[in-house]
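Peer 1: Let me give you the structure first, and then I'll get to my questions.
The values are calculated or read from the model by the stated rules, or taken from the named source; none is laboratory data. Predicted model only: the values in this text are computed from it and were never measured. Because the Cβ atoms are built from the backbone with ideal geometry, glycine has one as well, and the counts that use them run over all protein chains shown. Protein only, heavy atoms only, side chains kept; ligands, DNA and RNA dropped before computing areas. Shrake-Rupley method; radii C 1.70, N 1.55, O 1.52, S 1.80 Å.
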Amino acid sequence: MTVTLDPSNTRTLPLDGAYIRNNFPIFRNRSSKNPFTYLDSAATSQTPQQVVDAVETYYNHYNANVHRSIYAAGEEATEAYESARDKVSNFIGADDSHAIVFTRGATEAINLVAYAWGRNNLREGDEILLTEMEHHSNLVPWQLAARQTGAKLKFIPFSEDGTLENSEASFTEKTKIVSVIHQSNVFGTINPVNEIINLAKSVGAVTLIDAAQSVPHLHMDMTSLDCDFLAFSGHKMLGPTGVGVLCGRTELLEQMEPFLAGGEMIRTVSLETSTWNDVPWKFEAGTPNIAQAIGLGAAVDYLSGIGMETIHRHEAALIKYTLERLEGMDEVTVYGNPPERGGVVVFNVEGVHPHDLSQLLDRDGVAIRAGHHCAQPIMEKLGVSATARASFYLYNDFEDVNRLTEAITSSLKFIT
Ligand code: C6P
């Protein structure tokens, strides 16, 4: 693959963003006066033609329900749906001890555990250990579980640089579940989850990793990570919206009561009672998001074809360059400076509200996120109500960073 040089020709990127963008129809379709500079992949990534084709092929050639249709199209649909499950499992290095449950997204995957595991395993006085940098999706479900069971929430704090503080003291014999964000959607911090999982194991706690921002960007190996649950979303890793994954330890999933109930998740039903299907189908009530799961399978093929380590190195080079450019601008404040980070940066520009900044940048074709990033407790600790955020993926390059900083400069001129 060709490489992209930065404007001063001193650095190269592992991937050629322009070449990769050719696979993504949106970059052709949206370019007008300015190229579409998409810097919001942490919210939702763009979709390559290969994923669109997989979804279209399902609808055009074998659209039928799964697991219940005894005719060729239905069997093809079941085969493609189950093959997507195998692809996802291989992609994250899961072995037989872990099962892949398709959900609507990371949010639903975490709610599934908080509800179906929490309801039967948490008691008054137990501790649920989270960090202060959780996305609302890994905070609010645990607030509900605590309210329902009498368990207590505890938090590992983070410091000014956006890294977790020494967490050892937070683990006690009362800790029953440790649920932590792997890569922060605000600071980009890659948290030391191996260390956290080991500490959790030492007190006999169950572990959940919110991998919504890490599975799309890092090489993941469930066998060595060895957490009990891992949650992530398809739409942040080139897949369609409406599909996500809970990878769970089979033994725990078998012990858990169902989350949603209805068709497909049962083995037998009488008027009075029911028995449950095997894991993972016990947790997939009703008709699943078939096309979306098949699309996720195609996304995983695409990412594997490029290589997760290459993608991570690409984003590391981009974020390094971005930080140099932003830190050179007097009006810009960057929040956090974690040594281990992914391709995400949050910042504010003096005198410009992040929402206004986002709108002004949009005039130059630059799409960033502005707001609290579904992490209001982080904003509160930083003492701001909102920030701007730029996030990168494999289709970005140095030109995108230049367009971001140039657009910030023109916004400042526009405001003053
Ligand atoms: N963060 C962001 O712009 P869903 O919405 O279920 O696909 O993912 C929820 C979620 C869970 N955990 C983390 C760490 C996340 O970053 C997200 C989604 C997006 O930061 C949308 S708010």
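Peer 1: Mind scanning K87/K236; K176/K201; K154/K381; K236/K381; K201/K282; K152/K174 and naming the pairs with a C-alpha gap bigger than 20 Å?
Peer 2: Pairs exceeding 20 Å: K236/K381; K201/K282.
Peer 1: Another question, then. May I ask you to derive the relative contact order of the chain, considering only C-alpha pairs under 8 Å and at least 6 residues apart, and to give it as an integer percent?
Peer 2: 23
Peer 1: Pop out the ³J(HN,Hα) list for the stretch 140-149 in order, Karplus 6.51 cos²θ - 1.76 cosθ + 1.60 with θ = phi - 60°, rounded to Hz; leave Gly and Pro as x.
Peer 2: The phi angles translate into 4, x, 6, 4, 5, 4, 5, 4, 6, 10 Hz.
Peer 1: When only alpha-carbon atoms count, how far does the stretch 45-109 stretch along each of its three principal axes, as whole angstroms with the largest first?
Peer 2: Extents along the principal axes: 32, 31, 22 Å.
Peer 1: Find how much the distance from N63 to E79 grows on full extension, using 0.36 nm per residue of separation minus their present alpha carbon separation; answer in nm with one decimal.
Peer 2: 4.5 nm
Peer 1: Roll a 1.4 Å probe over the protein chains and send me the accessible area per residue for the stretch 51-305 in Å².
Peer 2: Result: 40 Å² of accessible area for each residue.
Peer 1: Can you give me the % of accessible surface on the chain that is carbon or sulfur? Probe 1.4 Å, all protein chains present, nothing else counted.
Peer 2: Details: 8390 of 17440 Å².
Within the chain, the accessible surface is 48 percent carbon and sulfur.
Peer 1: Separate question: Return the loop-located GluC sites (Glu not before Pro) in the stretch 151-208 (DSSP other than H, G, I, E, B) with at most 13 other Cβ atoms within 10 Å of their own Cβ; answer none if there are none.
Peer 2: On the way: sites: E160, E165, E168, E173, E195; in loops: E160, E165, E173.
Here the GluC sites (Glu not before Pro) that fit, given the DSSP loop and packing criteria, are E160, E165, E173.
Peer 1: Further question: Along the positive direction of the dipole of the stretch 332-416 (beta-carbon charges: Lys, Arg +1; Asp, Glu -1; about the Cα centre), which of T333, C374, I415 reaches farthest?
Peer 2: C374
Peer 1: Something else about it: Any chance you could list the semi-axes, whole Å, largest first, of the equivalent ellipsoid that the Cα gyration tensor gives for the stretch 166-251, using √(5λ)?
Peer 2: 24, 15, 10
Peer 1: Using the crude model of +1 on Lys and Arg Cβ and -1 on Asp and Glu Cβ, and no other charge, please compute the dipole size for the chain relative to its Cα centre, in debye to 20.
Peer 2: For this selection, approximately 680 debye.
Peer 1: Let me ask something else. Could you pull the Cα extents of the chain along its three principal axes, largest to smallest, in whole Å?
Peer 2: Cα extents, longest axis first: 70, 55, 34 Å.
Peer 1: Let me know the charge dipole size of the stretch 139-269 about its Cα centre in debye, to the nearest 20, where only the beta-carbon of Lys, Arg (+1) and Asp, Glu (-1) is charged. Write down the numbers at each step before the final one.
Peer 2: Numbers: 9 positive and 14 negative charges, 84 e Å.
With only Lys, Arg, Asp and Glu charged at Cβ, the dipole is about 400 debye.
Peer 1: Using a 1.4 angstrom probe on the protein heavy atoms only, line up L260, L252 by accessible area, largest first.
Peer 2: Ranked list, largest accessible area first: L260, L252.
Peer 1: Restricting to the chain, compute how many DSSP beta bridges are antiparallel as a %, nearest 5.
Peer 2: The antiparallel fraction comes to roughly 60 percent.
Peer 1: Calculate for the chain the 222 nm mean residue ellipticity that helices alone would give, adding -39,500 (n - 2.57) per DSSP H run of length 4 or more and normalising by residue count, nearest 500 deg cm²/dmol.
Peer 2: Dividing the helical sum by the residues of the chain leaves -11000 deg cm²/dmol.
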